[in-house]
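Please see the structure below; I have some questions.
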Amino acid sequence: MNEQALSLKDLVKDFDGKRAVDNISFTVRKGEILGLLGPNGAGKTTTIRMVMNIIAPDAGHIEILGKSFSEKVKDHIGYLPEERGLYRKLKVMDTLLFLGELKGMKPAAVKQRGRQLLKQFQLDGYEEKKVEELSKGMAQKLQFIATILHNPELLILDEPFSGLDPLNIELIKDIILTSKREGKTIIYSTHLMEYAEKTVDSLVMIDKGRKVLDGTLAEVKAEYGQKFVKIQYEGDARFVAGLPYVKSWRDSGREMEVELEDLAKREQLLRDLLEKVTVNGFQLSEPSLQNIFIRKVQEGEGA
Amino acid sequence: MKKILAVIKKEYKAIVKKKSFIIMTILTPVLMGGMMFVPVLLMKVGRTEKKIAVADFAGGYYQALTAKPATRQEPGKPAFDLEDSMRKPRASEVAGLITFRQVLLNGREAAAVVREYEQKVLKKEIDGLLLIPADVKSSRQVSYYATSISDFATNSFIASTLRTVISQQLLLEKQIDPAVVREATRDVLVDTFKVKKEGTTKSSSGMDYIMSLFMMVILFGVLIGYGQMIMRGVLEEKNSRISEILISSAKSTQLFYGKVLGIGLAGLTQVALWILLSWILVSRFSGTVDASILTFLTPEIGLYFVIFFILGFFIYAIPYAIVGAAVNTDQEAQQFSTAIVWMMLIPYFIGFSATQNPNTTLALVASLIPIFSPILMFMRITASMPPLWQIAASIALCLLTIWGLAWLGAKIFRVGMLMYGKKPTLGEILRWIRYK
């Protein structure tokens, strides 16, 4: 068995002379959740559309479930596009029947699994309702059901949380985690990094079409996370900026965030602080993905 | 293959389950039948019995009016005849509905009689007064007083009866036997026989013409209706953004052909039901309906109707589907579909002359041009069977065109379905065709 669910190599896409995706490469291991992170317009959707063979890359190579994209592979992928839409006049169960059969399912299997999923998403009893009679949130849930209906090995979700209320966000997160436990691979894109932080195993950050960072969440946090200390204090702490083991210093008056050259120096810092100011709190901090992203983009622009 | 079936099933069910489909399927044959029978029925129901008083100053004319009119007997003629019903009512029908009553003159002046009977007309004691002056033979003028004077059938019955009486009197005066004159001036009737390979049948030319046009109108209407349905369907998929899910689930050709075939099958179902329902209607009322409808609607014509419906469907449906995929809004789609309708109107108008002269060079050439032939070749077949090679050639050309259109359509469909927002230029569409 190939260990890679997806591999992208030197993907390039131009739109009207503007480079939307610029030499992006990354791999997704089987059984993991990968977050494709980046602000709006970074090239996430374009990348996903190329993976789904909806648009052709100008250069580069994609391997999906160990092979190049083929008609057969479509049945093993569940794809939730960024722009949602269903047939307004079609009934809920008929919608699932059609989309399920398009994925090669038998009608009886669609009905059985469809009912089960509708129940899980609290849509049971709506089987014979037309899609246009559903609320927006319900239609979103139905679309998500259609995405996972055929029990795909690989889930590709483009902004799965957008437009959902907190309750439904939790529901989708649960489904993602359950799928992972079942051995499925999940790739999702989002610009909301705080959601990603709680679920992803690996992440790829892109900005302006370029990959700025990738790795497992643990690696990324280890690289950036362990050298920060957050201190609540009273007094004049400007001297901290001049300390030799301090790499960077951000002061907000009563709280500061200090980046150390080496995490081992944290006790030295505490001793130096206690001599001059009153320390109310002192803790190692993990920077959020948001902070890492901002730093990474700033580094890239500085270089 | 399974996926294309899923698309066909979904498209077919979506149309067939619609209320409008069921209503149109039942209503169309009923309406069409109604358009033929209702005016006739209304004429019969609407013509009530009339009481007309006759003031016969000339003498002898009252007796002539009340005498049983001699009509040409046509044995084997059914009680109701479609073609005949569109002509003016027969004299015998009118006569049966009018009761004449003689006015006793008692030496009164015409003016006095008119005054008295004006009151009776107003009180509805009688429907009208016919005043025949003494000099009617030379003046050829009578007067009719009534509240309603628009009943042409009554007027012409009176006029023709009086004319016959007067001419008979004149002939008798000149000692010529009226029977000789009647024989000399009798109408010549043209009985039309349609010569076909299977045998010659008696059928009326008017009937053929009407049925030809009638089937052309149905073909035309159905092709436009279903073409626009496809166009709207594609546009809906595009606008609801479901196209991305579809393309990521199945091949674009499966989606495209599945859609066209599914909607086509729905159309075929409707046409088949129409034929079935009409057949039931016709056979149910066959006693009252001219048998020439049955001689016109042969299985052969039915088969050609189905063949040319299918060919026409693909020739017009695919351009409609392409328009749906290429444009973004209903307004844009409407502009393009108007162009397609105009294209279809050309064979429609050529068709009017082709039914009467089905073998002119214009009709022949036009009926071989694929975008015209579904309508025109069918028209020619109904009017007079063209040589088999011409039918075969038009079918072959149509199939070739459909093959080309299908190839082109699938390409444009693939790209167009995923292009949102921007109105494509012609150059872009050409690029789409080259896009792999």
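Determine how many Å³ per residue the convex hull of the Cα atoms of the stretch A:63-138 encloses.
Output value, Cα hull per residue: 112 Å³.
Give, ordered by residue number, each residue of the stretch A:85-107 whose 1.4 Å probe accessible area is reduced by a minimum of 50 Å² on adding the remaining protein chains to the chain alone.
A:Tyr87, A:Phe98, A:Glu101, A:Leu102
In a GNM of chain A with a 10 Å cut-off on Cα contacts, which of A:Gly125, A:Gly209, A:Gly78 has the highest mean-square fluctuation?
A:Gly125
Could you check the spin-label model distance between B:Thr66 and A:Gln232? Points 7 Å from the Cα along Cα→Cβ, value in nm.
Roughly 12.4 nm, to one decimal.
Moving to a separate point now. Highest mean first, how do B:380-386, B:357-363, A:244-250 rank when packing is the count of other Cβ atoms within 10 Å averaged over residues? Intermediate values should be presented prior to the final figure.
Working: B:380-386: 21.1, B:357-363: 14.7, A:244-250: 13.0.
The peptides rank, most packed first, as B:380-386, B:357-363, A:244-250.
Continuing with this model, one more query. Where is the GNM fluctuation largest for chain A (alpha-carbon springs, 10 angstrom cutoff): A:Ile148, A:Ile231, A:Ile48?
Of A:Ile148, A:Ile231, A:Ile48, the Gaussian network model singles out A:Ile231 as fluctuating most.
Now for a different question. Counting only protein heavy atoms and rolling a 1.4 Å probe, how much accessible area do A and B lose on contact, total for both sides, in Å² to 100? All intermediate terms of the calculation are to be shown ahead of the outcome.
Details: alone 15660 and 24340 Å², together 37530 Å².
Counting both chains, the buried surface is close to 2500 Å².
Of the GluC sites (Glu not before Pro) in the stretch A:1-68, which ones lie in a loop per DSSP and count no more than 11 other C-beta atoms within 10 Å? Walk me through the numbers before you get to the answer.
Details: sites: A:Glu3, A:Glu32, A:Glu63; in loops: A:Glu3, A:Glu32.
The qualifying sites are A:Glu3.
Between beta-carbons, use under 11 Å as the cut-off and find the net charge around A:Ala42, counting Lys and Arg +1, Asp and Glu -1.
The answer is +2.
B:Ser160 to B:Ser283: extension gain in nm, 0.36 nm per residue of separation minus the Cα-Cα distance? Working shown, then result.
Values: separation 123, 0.36 × 123 = 44.28 nm, distance 3.76 nm.
Here the segment from B:Ser160 to B:Ser283 would lengthen by 40.5 nm.
Using the alpha carbons of chain A, what is the convex hull volume per residue in cubic angstrom, as a whole number?
Value for chain A: 165 Å³ per residue.
Say each of B:Ala110 and B:Lys174 gets a label point 7 Å from the Cα, pointing the same way as Cα to Cβ; how far apart are those two points in nm?
Here the answer is 2.6 nm between the modelled labels.
Considering the Cα trace of the stretch A:227-285, what is its radius of gyration and what is Dmax, both in angstroms?
9.9, 25
Here is a follow-up. So how do A:Leu167, A:Leu36, A:Leu65 rank on accessible area, 1.4 Å probe, biggest first, that is with the largest at the start?
Working: A:Leu167 145, A:Leu36 5, A:Leu65 25 Å².
Per-residue accessible area, sorted high to low, gives A:Leu167, A:Leu65, A:Leu36.
Hey, another quick one. How large is the direction-averaged shadow of the alpha-carbon convex hull of the protein assembly as shown, in nm²?
The orientation-averaged projected area of the Cα hull of the protein assembly as shown comes to 52.3 nm².
So, one more: Between B:Ile275 and A:Gln116, what FRET efficiency follows from the Cβ-Cβ distance if R0 is 51 Å, with the result rounded to 0.05?
That pair, B:Ile275 with A:Gln116, gives E of 0.70.
Continuing with the same structure: Grab the Cα-Cα distance for B:Ala393 and B:Lys17, subtract it from 0.36 nm times how many residues apart they are, and report the gain in nm with one decimal. Spell out each step's value before the answer.
On the way: separation 376, 0.36 × 376 = 135.36 nm, distance 3.74 nm.
Separation in residues times 0.36 nm, less the Cα-Cα distance, equals 131.6 nm.
Additional query: Can you pick out the pairs among B:Lys9/B:Lys251; B:Lys2/B:Lys411; A:Lys72/B:Lys238; A:Lys13/B:Lys10; A:Lys74/B:Lys411; A:Lys211/B:Lys251 whose Cα atoms lie more than 28 Å from each other? List each step's numbers first, then the result.
Details: B:Lys9/B:Lys251 16 Å; B:Lys2/B:Lys411 21 Å; A:Lys72/B:Lys238 24 Å; A:Lys13/B:Lys10 35 Å; A:Lys74/B:Lys411 20 Å; A:Lys211/B:Lys251 31 Å.
Table pairs above 28 Å Cα-Cα are A:Lys13/B:Lys10; A:Lys211/B:Lys251.
Using a Förster distance of 60 angstrom, determine the FRET efficiency expected from the C-beta separation of B:Trp407 and B:Gln141, and round it to 0.05. Working shown, then result.
Details: r = 76 Å, r/R0 = 1.26.
E between B:Trp407 and B:Gln141, to the nearest 0.05, is 0.20.
Still on this structure, I have one more. Could you list, bin by bin from short to long, the percent of Cα-Cα pairs of the stretch A:251-303 in 5 Å steps?
Final binned percentages: 4, 14, 21, 23, 16, 12, 8, 2.
Extending each Cα 7 Å along its Cβ direction at A:Leu192 and B:Met343, get the distance between those two points in nm, one decimal.
Inter-label distance under the simple model: 4.8 nm.
If you don't mind, there's one more thing I want to ask. Given a 1.4 Å probe and every protein chain left where it sits, what share in percent of the accessible area of the stretch A:9-120 is carbon and sulfur? Provide the component values of the computation, followed by the final result.
Numbers: 2320 of 4860 Å².
Ligands and nucleic acids excluded, carbon and sulfur give 48 percent.
Take chain A, connect every pair of alpha-carbon atoms lying under 10 Å apart with a spring to form a Gaussian network, then pick out the residue of A:Glu194, A:Glu255, A:Glu267 with the largest mean-square fluctuation.
Maximum among the listed residues: A:Glu267.
Give the calculated FRET efficiency between A:Lys9 and A:Glu83 to the nearest 0.05, with a Förster radius of 35 Å applied to their Cβ-Cβ distance. Present the calculation step by step, with values, prior to reporting the outcome.
Details: r = 27 Å, r/R0 = 0.78.
That gives a FRET efficiency of 0.80.
Can you tell me the length gained on complete extension of the stretch A:Lys18 to A:Tyr245, counting 0.36 nm per residue apart and subtracting the Cα distance?
That pair, A:Lys18 and A:Tyr245, stretches by 77.4 nm at full extension.
What does the convex hull of the alpha-carbon atoms of the stretch A:59-102 project to on average, in nm²? Kindly include the intermediate steps, with their values, before the conclusion.
Numbers: hull surface 17.9 nm².
Projected over every direction and averaged, the Cα hull of the stretch A:59-102 covers 4.5 nm².
With a 1.4 Å probe and every protein chain left in place, work out the accessible area per residue of the stretch A:4-216 in Å², rounded to a whole number. Don't jump to the answer; show the numbers that get you there.
Values: 8850 Å² over 213 residues.
Here the per-residue accessible area is 42 Å².
The values are calculated or read from the model by the stated rules, or taken from the named source; none is laboratory data. All values reported here derive from a predicted model rather than from experimental measurement. Every residue, glycine as well, gets a Cβ built from its backbone with ideal geometry; the counts of neighbours run over all protein chains shown. Ligands, DNA and RNA are excluded from the accessible area calculation, which covers all protein heavy atoms including side chains. Shrake-Rupley method; radii C 1.70, N 1.55, O 1.52, S 1.80 Å.
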